[in-house]
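Only one structure is covered here, and it is reproduced in the block below.
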Amino acid sequence: MVYNWTNKLLSILYPYTCILCSAPGYQDTDLCKPCWDELPKIAQACPQCANPINSAGLCGRCQQHPPHFQYTHASLLYRYPVDYMIQQLKFSGKLAMARVLGNIMAQQLQNKETLPQQLIPVPLHPSRMQERGFNQSYEIAKVVGQQLDIPVNDHACIRSRDTHAQSLLKLDARKHNIKGAFGINRNNIADHVAIIDDVMTSGHTLNELAHRLSNAGVSRIEAWVCARAHAHA
């Protein structure tokens, strides 16, 4: 791909440097080998919601109340330094973090047997977009899409209602907060999509968006997130 050749040339002209300690980058990322090795990996998780569990198969929650997405990929646990990287991206506008997080996700998924036809970033409400100046989910999706050669459809969904930040709410309030928050543009949505977001905790945001996409006729919906927090945390 042209992108890969361009990426290699840029890595020669502007070598990757660790965003955490400024050492030389490793595996075409802005992380050094020691920092890469210390990233909080997920040893075992529910295949449908990616909640870390100690047994194989679906977690009890997905067995009793299956979400509207069929599969979740979570790159890492939401612990240091991943939480720091995501917070620096969202609240300090350090877009280099999106490149790191997107590259990690793409590397982990590059050998996936069946890839989605489109990536759909979780949208921000226009007022939040104006305040922040960018959508972190879209910035991550762009990197993943370039690496895996999957188009990003950032016009498929809109945030029709400005909600409270999910991270500021208790888990039992998040479902109500996000209910009815998304609108769907039914034109040009693929049959198999992956929703891209930075962090998944309760999963209510992703599930609400997946529900709307399912109602719009999308038959296969995956959730791809950079980090997974324990659902009970």
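Between Tyr26 and His65, the contour length at 0.36 nm per residue exceeds the Cα-Cα span by 10.0 nm. Residue pairs exceeding 20 angstrom between C-alpha atoms, taken from Lys94/Lys142; Lys41/Lys94; Lys94/Lys179: Lys41/Lys94; Lys94/Lys179. Accessible surface ranking for Glu131, Glu113, Glu222, Glu208, 1.4 angstrom probe, highest first: Glu113, Glu131, Glu208, Glu222.
Only the Cβ atoms of Lys and Arg (+1) and of Asp and Glu (-1) were treated as charged; on that basis the dipole of the chain about its Cα centre amounts to roughly 460 debye.
Per residue, how many Å² of accessible area does the chain show with a 1.4 Å probe? Using a 1.4 Å probe on heavy atoms only, each residue of the chain averages 51 Å². Remark: accessible surface ordering of Lys112, Lys142, Lys41 (largest first) is Lys41, Lys142, Lys112, probe radius 1.4 Å. In this label model, Lys112 and Leu39 are separated by 1.5 nm, measuring between points 7 Å along each Cα→Cβ vector.
Here the accessible area is traced with a 1.4 Å probe on the protein chains. For the chain, carbon and sulfur cover 51 percent of it.
Kindly express, to the nearest 10 degrees and within the range 0 to 90, the angle between helix 136-148's C-alpha long axis and the longest C-alpha principal axis of the chain. Taking Cα atoms only, the helix is inclined about 60 degrees. Taking the DSSP beta bridges with both ends in the chain, the antiparallel portion is around 20 percent. Surface calculation, 1.4 Å probe, protein heavy atoms: Thr114 sits at approximately 80 Å² accessible. Note on Arg161: accessible area is roughly 90 Å² with a 1.4 Å probe, heavy atoms of protein only. Accessible surface comparison of Phe91, Phe182, probe 1.4 Å, protein chains only, largest first: the order is Phe91, Phe182.
The values are calculated or read from the model by the stated rules, or taken from the named source; none is laboratory data. Please read these numbers as outputs of a predicted model, since none were measured by experiment. All Cβ positions, glycine included, derive from the backbone under ideal geometry; neighbour counts span all protein chains shown. These accessible areas exclude ligands, DNA and RNA; they are computed on the full protein's heavy atoms, side chains included. Shrake-Rupley method; radii C 1.70, N 1.55, O 1.52, S 1.80 Å.
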